[in-house]
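To keep things clear, I will list the structure first and then write my remarks on it.
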Amino acid sequence: MSIVHFAGASGDRAKRDAQVAAGQQLPGVHAPGKPKFDWKNWLLDNIVTLIFWVFIILGFVLAEGVTINWFLTELCNRIYRNAFLVLALIIPVVAGLGLNFGIVVGAMAGQLAVVFVRYHDIGGFGGFMLCMALALPIAIICGWLTGTLYNKTRGQEMIASLIVGYFGNGVYMFIVLFLIGAVIPVQAGHPMLLPGDVGLRMTVDMGTIKYALEDLVKVPFAPFMVVCGALFFLYLIWNQFFRKLKPGQERMNKLKFIVYAALSLAVAVIFLVADITDSALTMVRKVPLGTVAVIVLLAVFTKWIMTTKLGQDFRSCGQNQHIAESNGINVDRTRIVATIISTVLAAWGMIIYLQNIGTLNVYTAHTQIGFFAVAAVLVGGASVSKATVSQALMGTILFQSMFILSPEIGQAVFGQAILGEYFRTFMVYGVIGLALGLYVWKANKQSKLRLDDPEDPMDKTVAEVVSGK
Amino acid sequence: MSDDILRFKNVSKAYGDHYVLKGINMEVRPGEIHALIGENGAGKSTLMNILFGMPVIHETGGFEGTVEIGGEDAKIMTPHDAMTKGIGMVHQEFMLLPGFTIAENIKLNREITKPSLMSKLFGKRLESLRVTDMNSDARKALDTMEMDIAEYTMVAGLPVGHMQFVEIAREIDKTGIRFLVFDEPTAVLTESETKNLLAAIKRLAAKGIGIVFISHRLDEIIEVSDRVTILRDGEWVATEETKNITAAEIARLMVGRALSIEREEGGREISDEVMLEVKNLRVKMPGEEVKGVDLKVRRGEIVGIGGLAGQGKLGIANGIMGLYPADGKVVFKGQELKFNDPKGAIKAGLAFVCEDRKGVGLLLNSPIDLNIAFTALQTEDKFLKSFGPFKISDQKAIRAHADEMIKELDIRCTSAAQNAGALSGGNQQKVCVARALTQEPELLLVSEPTRGIDIGAKKLILDLLRQLSEEKGMTIIMTSSELAELRSICDRVLIVCEGKVAGELAPTASDAEYGLMMSGSRVSKNEGGED
Amino acid sequence: MKKIVERIGIPTLAVTAMLVIVLITAAIQGQSLQTLFSDMLNRAGMNGLLVLAMVPAIKSGTGPNFALPIGIEGGLFALVCCMQMDLGGWKLMICSIALAIVLCTLMGYAYGKLMNCVKGAEMTIATYTGFSIVAFFNILWLVLPFSNRKMGWMLGTGLRETIQLDSFEAGGLISNLLAFQVGKITVPTGMLLLLGICCVLVSYFFKTKAGLAIYAGGVNPQFALAAGLNVDRGRILANILSTVLAGIGIIVYSQGYGYAQLYNGPMMMSFPAVAAVLIGGATAAKANCMNVVLGVFIFQGLMTAAMPVANQLFAGTDLSDIMRQIIQNGVILYALTQVKKGGDR
C-alpha cells in the first residue's frame, strides 16, 4: 500500500474528473506508473488452480481410453450433482466465517427429509418437492445451532465446523440407527428397516424420486451448448460496447474480452458443426434443464443477496467484525443468518445430489460432502475470505475433472485404478491443506512488523481487534 | 441559540472507589471549537465515553451529574442515543472497511434501501440497496468537506488523510449532526493533511456545529480553537478563551501538580564514562513508533524518558532490547549491539522491566520463584543441575534465590511457590525487578514501573530504584508517563514527542517547560517541515 | 459447588459420571466386571502414548496435535520396514521403535516448521496435514516394493489392510511383559510401565532448560521473547517430541491390538486422542501428564465398558460407537468454545 501525499482540497477538480473518465487511477490513490507484473505472487495466488490444470491436461495425454463424449457426460453429470452444494459455501465465506465444512450437517438434514418421504413411499416430483419442504425446518434449526456454535468459537470456525460435522454425524447415527424404531414408532417389517425393526438399512432406494428433477425437461447436449455459447457471446458484446457504465465501473480488460469472446464463439461453432455432422460430441447425455435452472437460480440468488442490506451486512462482518459491531450491526445474528442460509442450501443440494444418484447410502452419503465441496471452491481460486459464484462453478468443473481422470491415470500409468483413487483422496485433502496453509502463511507474513512500512491505519485497526480492544 | 448548548454539569465518574472524574463542568456552544486538553489519564476519554453512553460507563454503575443539551437532561444511555441526539465522533483509529467504497463506508449500517417483493415476504433486511442514492448522499457530504475524490473509490489504498476525511464525512452525513468530537484527529496526519483538516473543522464550525477538539498539540489548539478546557487528574482546571491564553500557560496548567515533588539529592556518583550510546534509533512498535532517537547514558546515571502516550517513548527501551524491529546504532560499553536479538542484549548485561507487566513481564500461572529465575536460567545457565546426560532446573537453588529476593525486595506473598498472578500489582512489579536483578545487569531499563499500582506501592518501587542506583551503582533508564516520578528520581529527563527526542530537561525545570515540550510545540516550530 | 465443577472441568465430570453409570449397568446386567477391567486396562495402555503425544504440542502453544497421523504413519512405516527385513519378536519391536524415532524426528521437524508458518490456524491446518499424510502413505503402501509375503495381498501388489503381528511373533509382546493377574484382572504391566516411564520422561523434559523454554513460549510468547528465547525453535522441538511419541505409540498400539492397521486406519486416530487428554482436564492451551493418565483411563475405559453393555441392551445397534462419536467430538467442540480470543482474523 503506498501512501502518497494528499493532493489537497485545492486540487483541480475538473482535471481529476477528466482522469477518472479516462479510466485512470487518481494520482496518490494508487502507485503511479504501470505496475510490473509480479510472477511470483501470481503463482502463489493461483498455485492450487494451476496444479489442477496441469493434472487434467496430463490426464488427457496419459489416459488413452478416455473419449471426449464419455468424459463430458461424466463431467456434466457430476456438475449437475455437485454445483448446488459448492455454491452453498459462498455466503459464509463472505460473512467472514471461512469455509463452512459444517454443510455436512445440512446434508444430513436433507437426508432425514428423504428418509421420511421414502418411508411413506412418496415418489415422483411431488415427493422431491416434499423432501425440499421438509428439509427446510430441520436445516434451519441445525443452521441456527451451528451458527451459535461458530459465534462461541470465534476465530476457530473452520476446525469447529469440521468437528461439528463429526458431532452431527454421531447424532444423526443415533437417530437413524437407534431412535427410528426404538423410540419413533415404525411399521413393523417395513422394507427400509433392519431386521428387528430398529434402525435403517444401509441403503434407501430413492424410487421414483430418482431423476425427479432431471427428467422434467431434457434437451440434447450439442444444441444446448450452441445456445449457451451464442448467448454468452452476445452478452459479452453487449457488456463491452453497449452497456451504460455506472460510476466506478470499468469495461472488461480488452485481452480478457477477446479470449472470452473467442472461446464462447468457438464453443458455439464446434457444437453447431458437431450437431450438423452428427459427430461423437452429440453422444453426450441430454441436458436436464430443471437441474441447470435450479443451479442458475441459486447463482443468481447468491449474487442478488449481496445487493441487499443483508448482503451488505455480510460483507461488513466479513471484513471486520469490530467495526461492523460498533456501527450497530448485530454481528452475531448476521453470522447466524449466514450459517442458516448455507445449511438450508446444503440440505437442498444434498437432495438434488441424491435424486441424481438414485440411492441414499444412509450412513456414508454425507461424510465426504464437506471436503469435496470445499476442495472444489478452493480449486476455483477462492480463499478463506473471498469466494464468488464463478469461482465455485469453475472449481466444480476442475475438481470433478480431476475426479474422473484420477482412476484412469492410475490405470494407464500404474495399471492400478485403485492407486488413482488414493491419489484423488490425497488431492482433496492436500488441496484443502495447501490452500488454507498458504492463506494463513501469507496473512501472517503481511501482518509481520517491518521497519520501513509506512504506518497503515488499516493494520492498526486489525491489530486492535486482535488485541480485543 | 443558547438553548442548543451542550453542557456537562458536575459530572463525576468512579470505577469502584476510585474517582477518575470529579465534578466536571464544561459547555460547548454551537459553532464553537472547544479544545479539550490534558495528560494521559486526565479524564478526557472517560468524559467522552459518558457523552456517547458507552457500555463501559453504564456497565460500571453509570456516572454522577448530568449531560444537558439545550438545558434538558439528554439521558444518553447508549451510543445510539448519542447518535439520535446529533452527537458524532471522529475516532482516532479509523473505523473504515477497506473493501468498501467511500460511499459504502459513509453509509455503513445506514444504507438507503428500497423494498422488493422478497423483502415484503421475508423482512426488511432483504431490501435492495439504492447505490445511486447512497453515492449522491456521500457526494454531498464529501462536498461539504470540499473533498474532490470520487465517492465510488475503494477505501483500501487511500492515503491516511483521505480516510480521516471519510470518517468526518460519515458523521456529517448523519442527519441533524449538532456536535462533533474529534479525538486526536491529527495524530497520524502529515503537515499538509493537518492543514486541510483544520480548515475543514473551521468550516464545519462555521455551519453551526459545535466541535470538541481533543489534541495534545498546543499549536493546533491555539490555531483552531475558540475556547480551551484543561483537565488534570480527573479534575477541571480551567476554561479560557483561547485568545486570552498562551501555549506556555496551557502547558503549565496541564502539567502542574498540586503536590510538590519530593526529591532527595546526593549519595550517587556519576562517572564520565558513556555506558550506552544510541544513534538514530528507529523502532517499529505499533502505537509507540520511534523515528530516530539519539541518546547517551553515563555509568551510574538515572535517565528518565517521558512524553505522552503514543509518542514513542516506550519504543526506545523495547527497541534496544530487540523486542521490535529496529535499526540505527546502539553501542553498549564500546560494543555494538545487534538488533532483534534479545538474547544478545541480555548477555551483554542489559535487563528490562517491561511496561506490560501482565502481558510480557510475567508468567502469571507460574510460581514466583520460576518467574524470578527464568531469564537467568535461560540465558546464563544458572540454576541448572545435571540429571544423567541432561541438565534440569535446580528447584532448590531456584527456591533459595527467590526467598532471598523476596526478603531483599520485601515482596509480600505467602511463599515463593505462590503463582505470580495472585500477587498485587506492586508486588508483581517487584518480582519483575527481582528477575532483572537476578540477571546481574549493568544497565537496567525500566518502563512504566508504577503503572496500575497504588500510591503506597509506587513509592516503594521508586525508592527501590533509587536504592539500586545509590547502593549498587546501577545505571538505570526509566521510562514513564508520570512526570512527577521521573522528576523525583532521575538525574535528567528526555521528553519524546512524535517519535523523536524533543529535548532534555533538568528535573527541576518548570511545569510550563515540561508541558510545552511534551506537546511538541518546540518541535513544530523548529523543524516545521517535518512530515 | 460451582467452583468445584469449574476446577475439575465439565468434560471430566460428565464423562466420569457416564463411566460410573455404565459400570453400574454392567454390574446389574451381570457382566464380568473383572474381564471388563482387564479390557479397560489394556485399551488404556494401548492408547496411552498416543494421548501423551498431545502434551508437548499443547504446552508449546500449537494446540492439540490434530496431525497425529504424521507420527502414526512414521511409526507404521518403521514397523513395516522392519517386517520387510523379516525381524521377529523383540528384535522387531526394538528395531522398529528405533527406526520410528529417527523417521518421526525428521517428519516432526518438517511439521513443526509448517506449524510456525501458520500461526493462528494451527489446528485446522494440522488436521488437513494429517489427512493428506494418510492419503499419501496409502499410495506408498501400494507402490513401494515390499516383498515379504506375510504382509502382501494374496494377489496383486501392495501391502495388506491389516498385517498380523503374530506372524512375526510380536503380538502382545509389550503388553504381556511382566503381566500378572489379580483375580481375573490381567494387568498389562509392560505397556503400563512404558506409559509410566514416558510420562516421567516428558515431565522431566519440561523441567529442563529447553522444556521450560517451550513451556514459556507456549503460555506467553512475548515473555519468552523478552527472555531472549527462540519461540519458534521451541515449537519445532515440541512437535518433534509429539510426533516421536505418536510413532512409538502406534507400535505399542499395534502390538496390543495384534494387527498393524495400514491405509485409512490412522486417518481419524487423532480425534480420540485429543478428546482423551481434554477429558483428563487439559484445555487447548494447558496439559500435563496427569491429564493424559486420567483422560486415557476414563475415556478409553468408558469406550471399552460401553460396548458389551450397549450390546446387551440393544443388540446390533452399535450404540457404543455412536456414543464415542458424540462424546469425543462434543468434548473437542467444548474445548474450542473455551479458546480465548481466537484469531484474528
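Can you give me the number of residues within the range C:282-322 that are assigned to a loop (DSSP other than H, G, I, E, B), open to solvent by 30 Å² or more (accessible area, probe 1.4 Å) and either farther than 29 Å from C:S242 by Cα or among the β-branched types (V, I, T) (or both)? Total meeting the criteria: 4. Screening C:Q328 with (1) more than 9 Å from chain A (Cβ to nearest Cβ); (2) surrounded by 21 or more Cβ atoms within 10 Å (Cβ to Cβ); (3) under 19 Å from C:A246 (Cβ atoms); (4) not acidic (D, E) gives one miss only, at (1). The set of residues in the range B:368-383 that are surrounded by fewer than 20 Cβ atoms within 10 Å (Cβ to Cβ) and outside any helix (DSSP H, G or I) comprises B:D381, B:K382. Only a single item in (1) within 12 Å of chain C (Cβ to nearest Cβ); (2) touching a residue at least 12 places away in the same chain (Cβ under 8 Å) is not met by B:G359, and it is number (2). Of all residues in the range B:160-183, none satisfies the criterion of being small (G, A, S), open to solvent by 10 Å² or more (accessible area, probe 1.4 Å) and either at pLDDT 85 or above or under 18 Å from B:A150 (Cα atoms) (or both). Going through A:Y150, A:Y166 one at a time, which residue ends up being at the interface with another protein chain (Cβ under 9 Å from one of its Cβ atoms), among the hydroxyl-bearing types (S, T, Y) and outside any loop (DSSP other than H, G, I, E, B)? One residue alone meets the criteria, A:Y166. Just checking, how many residues over the range B:42-61 are small (G, A, S), farther than 19 Å from B:D17 by Cβ and open to solvent by less than 60 Å² (accessible area, probe 1.4 Å)? Selection size over the range B:42-61: 2. For B:A150, the test of being open to solvent by less than 10 Å² (accessible area, probe 1.4 Å) and either touching a residue at least 12 places away in the same chain (Cβ under 8 Å) or in contact with an Asp or Glu (Cβ under 8 Å, 6 or more places away or on another chain) (or both) is failed. Of the residues screened, B:R487 is one that is under 30 Å from B:I411 (Cα atoms), at pLDDT 85 or above and not hydroxyl-bearing (S, T, Y). Just one of the listed residues (A:A375, A:A347) is within 30 Å of A:W42 (Cβ to Cβ), buried (at least 24 other Cβ atoms within 10 Å of the Cβ) and in contact (Cβ under 8 Å) with a residue 24 or more places away in the chain, namely A:A375. Selection within the range B:64-95: residues that are farther than 28 Å from B:V188 by Cα and in a loop (DSSP other than H, G, I, E, B). The member of this set that is farthest from the other protein chains (Cβ to nearest Cβ) is B:G71. Mind checking whether some residue in the range C:113-133 is more than 9 Å from chain A (Cβ to nearest Cβ), open to solvent by less than 10 Å² (accessible area, probe 1.4 Å) and touching a Gly at 6+ places or on another chain (Cβ under 7 Å)? Within the range C:113-133, none of the residues are more than 9 Å from chain A (Cβ to nearest Cβ), open to solvent by less than 10 Å² (accessible area, probe 1.4 Å) and touching a Gly at 6+ places or on another chain (Cβ under 7 Å).
Within the range C:195-209, restricting attention to residues that are surrounded by fewer than 19 Cβ atoms within 10 Å (Cβ to Cβ) and not hydroxyl-bearing (S, T, Y), which residue is farthest from C:L177 (Cα to Cα)? Give the steps one after another, and end with the answer.
Just the residues of the range C:195-209 that are surrounded by fewer than 19 Cβ atoms within 10 Å (Cβ to Cβ), to begin with: C:196-197, C:200-201, C:203-204, C:207-209.
With not hydroxyl-bearing (S, T, Y) added as a condition, the list becomes C:196-197, C:200-201, C:207, C:209.
Details: C:G196: 14, C:I197: 15, C:V200: 20, C:L201: 20, C:K207: 30, C:K209: 34 Å.
Result: C:K209.
Considering only residues that are open to solvent by 10 Å² or more (accessible area, probe 1.4 Å), without any contact (Cβ under 8 Å) to a residue 40 or more places away in the chain and in contact with a strand residue (DSSP E or B) (Cβ under 9 Å, 6 or more places away or on another chain), look in the range A:191-226 and name the one that is nearest to A:M283 (Cα to Cα). Result: A:P191. Picking from residues in the range A:272-318 that are hydroxyl-bearing (S, T, Y) and crowded, with 20+ Cβ neighbours inside 10 Å, the one that is farthest from the other protein chains (Cβ to nearest Cβ) is A:T291. Counting only helices (runs of 4 or more DSSP H) wholly contained in the range B:112-206, the ones carrying 3 or more residues that are of a type outside the set (A, V, I, L, M) and within 12 Å of another protein chain (Cβ to nearest Cβ) occupy B:131-144, B:160-173, B:191-206. With the structure loaded, tell me whether C:Y215 is within 14 Å of chain B (Cβ to nearest Cβ), under 30 Å from B:I398 (Cβ atoms), in contact with a strand residue (DSSP E or B) (Cβ under 9 Å, 6 or more places away or on another chain) and assigned to a helix (DSSP H, G or I) or whether it fails that test. In short, no. Residues that are in contact with a Phe, Trp or Tyr (Cβ under 7 Å, 6 or more places away or on another chain) and either in a loop (DSSP other than H, G, I, E, B) or aliphatic (A, V, I, L, M) (or both) were ranked within the range B:277-334; the one that is farthest from the other protein chains (Cβ to nearest Cβ) is B:A317.
The values are calculated or read from the model by the stated rules, or taken from the named source; none is laboratory data. This is a predicted model, so every value here is computed, not measured. Heads up, the Cβs are rebuilt from the backbone with ideal geometry, glycines too, and the neighbour counts pull from every protein chain shown. Remember, those area values only see protein heavy atoms, side chains included, never the ligands or the DNA or RNA. Shrake-Rupley method; radii C 1.70, N 1.55, O 1.52, S 1.80 Å.
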